[in-house]
Each structure stands twice: as structure tokens, then as C-alpha cells.
Amino acid sequence: ASYTQEMVKRSRQPPTASREEEEEDVDENEGDEVDPDTNDEHADGEVVDEPGEEANGGDGDGDDDDDDDDEEEEEIAFDEEEGAEKELQVEFEFFDPKPDDTPHIRALLQASSLSRAAGLNAAALAELLAEQAAVGTVIKADGDVFGFFSALSLQHLAPSSPAVARLSSFLLERCHPQSAQQKLSAMLEASAPPVGLIISERLVNAPVQLVPDALDSLTQDIEWAIENEEDKELRASFKFNQLLMVAQVSASRADTSTSAASAVAQGSSSGGGGKKKKHKSHGGAGDGTGLDWAALEQLQFVRPEEEAIAYEAEWCTLLHCGAQQFVLMSLSLPELKAMVPKLRAIMCD
């Protein structure tokens, strides 16, 4: 079954007369009788061929033409002043992934900063995501793919999928500080409870209002797979103890030169201070393995939903990739579900 949501998008038209106005002008001209004695359409008997119209001759001084041109210019100027905003009704639908979606998912992955930073095989990863119909949501409108949300079981897939193995290695290699790396390594042990990695990409013109419902759909998919997936091993792999998310960030928000990593170190050595994240049982701010609120506030998140989730995550830390920076965050499935109404309040109201 597909999920349907109607969104209203506004597009700013170029400052020209609209097609409807032009058609109305044509209808009005067709309905008028032309008097040969007073026809000023072509001054001094000049014959001008117009596309789709027969040329008419006549005498006149061209004053009416000038008046018509002035009226058209006034209409165009009016459109420009008003911004010529027009409402377009677009219906977005949520679908289970299918193999036909592979090239569209691959294109989104290839444009992803995470995919480029990790050196991922976008084609192989896209094929894997498209074939995982039990857990995943593809956003479409008029048959075009606008984005997708999915979650991959890292321990289950890494042994058989080089693309997933590369993802796991990338997270471990780039995770800092060392204490955070050790924490992540323990989470990804083959004998540890399943850990899922949420992967989502979307076009820049996809409405952000779709995100809360897409995440809600993903959490429902996971719950459904835990109960209904036919393959016993696969069903067990979806019982995620933790869900990881990777968010692209920059350190441009801070008014000071202190980096996010330095803020974590200062918070650990000084016992914190100010507005600080109260982490739960898996917390890291207190033991130096994760970012606290002071560090998060210095980061500029690319996506608003990832910033909101970072503040509610059980644990998050930095991934250093040269000039690029990412935040790795961890939270449970119930915590992700609890974020859905909060994201609706942030992104839809």
C-alpha cells in the first residue's frame, strides 16, 4: 500500500504575461470584427505575416498599436510587481523500494557528500537498498523519485556486501576521539546486538515537510519486519538495538575559533558548564566519548531534521574527513519514533 500526501508548492514565474492571459487576449481579438476603414493593425498598408494568422492590410497611424503595447507593458509590469506566484498541486507518494528504483537511488547516492567521502560503490549500495523491500521508503511524484529513507543492518550485511563493509570501516576509521572509536567498535561487533544505519537522500527541491512522515514510515517498516519478515535470520537482523545516523556539518556557526572537538575536550576537563546535554545510559559527553550541547551548538547542520535528532540522540560524535565533517549519532527505535511529532512541529508548522 502506498502513502499519499498532497503538498502545495509555490513557484515564482518569470516577469512575463501568463499563458492564460495571452489566450484570453487571442479570444478577445477573435471575437472582434475588423473594420477595413479603421484597421490600424498595420500602419501605411504594410503587410506583416504573423505565425498562425493571416496578414491584414489597412491604413492608419499606428496609435492603437501603441496603446495596445502600453497595456501589455502595464500588465507585464503588474505581474512583475506581484511576483506572479502560482500554486502547483503536487502529490507525493511513499512506496516500498523495488529493483526499478536502483538507477534513481544510485543517482542520489552519487550526489551524496557521505558517499563521496567514504568512497562508496554507489551502484552496489543502490542495488542493495532497492532490493530491500521490507524496510525502506521511496518518495515519488508523477513517477519521479524525489528521495528515499532506509536502514541497513550493518553486522548482518557487512560479511556479504563490500559496500556495507566499506561503510562500517569508514565510520570506524573516521570516528574521533579514540574513546569514541572504541565505543563504536564494541557496538559493531558481530556478536553485539544488531545495529542499523539509516541512509537517506533527497533532491534539493523535495519539500522538507515530507521528512517526518518518511521517518514515521521507516519506523513502521522496521516494526513490521521484526514481526512479519519470513526469513528468520533477516527478521532477527531488524531488531535494532541502536540506529545510527550520519549528518554533514560545518563549524561555521560559532562566533569563536574554538572547534567542536575542542569544545568536547573542554567540557570533559572542566565538568561541563552552561547548557549541556544530559545523556542517557549510552551517553558520551560525561566520559569524553561524545559531543555535548555546547559542542553541537557550534555546528551548522545541513539538514534541520538531523540537527533536531542530534540533540535528542543517546550519543553522538564527530567523523573527520579532511575538509568535511560529519556527526555520527546513535539512538534507539523508540527514540526515533518519539522524534516524529517533534519534527512535524519543527518542519511542518
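The values are calculated or read from the model by the stated rules, or taken from the named source; none is laboratory data. All values derive from a computational prediction rather than experimental measurement. Every residue, glycine as well, gets a Cβ built from its backbone with ideal geometry; the counts of neighbours run over all protein chains shown. These area figures cover heavy atoms from the full protein model, side chains too; ligands, DNA and RNA do not enter into them. Shrake-Rupley method; radii C 1.70, N 1.55, O 1.52, S 1.80 Å.
Out of ALA338, ALA294, ALA345, which single residue is at pLDDT 85 or above, surrounded by fewer than 17 Cβ atoms within 10 Å (Cβ to Cβ) and over 19 Å from the mean Cα position of the chain (by Cα)?
Selected residue: ALA338, the only one of ALA338, ALA294, ALA345 that is at pLDDT 85 or above, surrounded by fewer than 17 Cβ atoms within 10 Å (Cβ to Cβ) and over 19 Å from the mean Cα position of the chain (by Cα).
Check LYS98 against each of (1) over 27 Å from GLY322 (Cβ atoms); (2) surrounded by 19 or more Cβ atoms within 10 Å (Cβ to Cβ) and name the one condition it does not meet.
Here LYS98 meets the rest and fails (2).
Assess whether ALA117 counts as being surrounded by fewer than 17 Cβ atoms within 10 Å (Cβ to Cβ) and either over 22 Å from ALA190 (Cβ atoms) or within 16 Å of the chain's Cα centre (by Cα) (or both).
no
Between a residue in region 155-174 that is assigned to a loop (DSSP other than H, G, I, E, B) and any residue that is open to solvent by 80 Å² or more (accessible area, probe 1.4 Å) and hydrophobic (A, V, I, L, M, F, W, C), which pairs come within a Cβ distance under 9 Å, given they are 6 or more apart or on different chains?
ALA158/ALA190; PRO159/ALA190
Name every residue in region 200-249 that is in contact with an Asp or Glu (Cβ under 6 Å, 6 or more places away or on another chain) and in a strand (DSSP E or B), in order of residue number.
Answer for region 200-249, where residues must be in contact with an Asp or Glu (Cβ under 6 Å, 6 or more places away or on another chain) and in a strand (DSSP E or B): just ALA247.
Within the set of pairs 6+ apart or on separate chains, which have a first residue in region 219-243 that is hydroxyl-bearing (Ser, Thr, Tyr), a second that is surrounded by 14 or more Cβ atoms within 10 Å (Cβ to Cβ) and part of a helix (DSSP H, G or I), and C-beta atoms under 6 Å apart?
Within 6 Å, the pairs are THR219/LEU336; THR219/LYS337; SER237/HIS156.
Answer yes or no as to whether SER169 is in contact with a strand residue (DSSP E or B) (Cβ under 7 Å, 6 or more places away or on another chain), among the polar types (S, T, N, Q) and either open to solvent by less than 60 Å² (accessible area, probe 1.4 Å) or on the phi > 0 side of the Ramachandran plot (or both). Before you say what the answer is, go through the steps one by one.
Working: in contact with a strand residue (DSSP E or B) (Cβ under 7 Å, 6 or more places away or on another chain): no; among the polar types (S, T, N, Q): yes; either open to solvent by less than 60 Å² (accessible area, probe 1.4 Å) or on the phi > 0 side of the Ramachandran plot (or both): yes.
The answer is no for SER169.
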